[in-house]
1. Pairs only if they're at least six apart or on different chains, beta carbon under 6 angstrom, first in the stretch 64-76 and part of a helix (DSSP H, G or I), second at pLDDT below 90; list them, first residue then second.
2. Which of the residues belonging to the stretch 6-46 are touching a residue at least 12 places away in the same chain (Cβ under 8 Å) and among the hydrophobic types (A, V, I, L, M, F, W, C)?
3. Return a yes/no flag: does the stretch 52-67 have any residue that is modelled with pLDDT under 95 and either exposed (fewer than 11 other Cβ atoms within 10 Å of the Cβ) or touching a strand residue (DSSP E or B) at 6+ places or on another chain (Cβ under 9 Å) (or both).
4. Out of (1) in contact with a helix residue (DSSP H, G or I) (Cβ under 8 Å, 6 or more places away or on another chain); (2) modelled with pLDDT of 95 or more, what's the single condition that is false for ILE31?
5. Go through (1) loosely packed, with under 11 Cβ neighbours inside 10 Å; (2) on the phi < 0 side of the Ramachandran plot; (3) of a type outside the set (A, V, I, L, M, F, W, C) and name the single condition GLY8 misses.
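The values are calculated or read from the model by the stated rules, or taken from the named source; none is laboratory data. The structure displayed is predicted, hence computed values, not measured ones. With ideal geometry, Cβ positions are generated from the backbone for all residues, glycine too; neighbour counts draw on all protein chains shown.
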Amino acid sequence: MGKDLPEGIYPSYKTFGFGGFFRYVLSFVLIQHTTLFVIESLTLFDPLFLVVRILSSVVMTTLLICTVEAFNIESQKSGE
């Protein structure tokens, strides 16, 4: 882990708050998906289609991560 977080603390809604966690997830997912799709295409033949693919994938992945994290918060509240 980085030096900014104490040992045993991981990025979550609880650690960063909703806005901070959302920005954290969005930035890393955007970087990862942009890199993946640009490398996969190897050309910028159809840049509009590439941007649509990146944005749709980023939105779906971010929603999925936030949904899973919401269930994780519920299990933390119940003491599991």
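1. That search, which allows pairs on different chains as well, returns GLU69/TYR13; ILE73/TYR13.
2. We begin by selecting, within the stretch 6-46, every residue touching a residue at least 12 places away in the same chain (Cβ under 8 Å); these are 11-14, 21-22, 24-26, 29-30, 33-34, 37-38.
Matches in the stretch 6-46: PHE21, PHE22, VAL25, LEU26, VAL29, LEU30, PHE37, VAL38.
3. For the stretch 52-67, residues modelled with pLDDT under 95 and either exposed (fewer than 11 other Cβ atoms within 10 Å of the Cβ) or touching a strand residue (DSSP E or B) at 6+ places or on another chain (Cβ under 9 Å) (or both): present.
4. Here ILE31 clears every test but (1).
5. The failed condition is (2).
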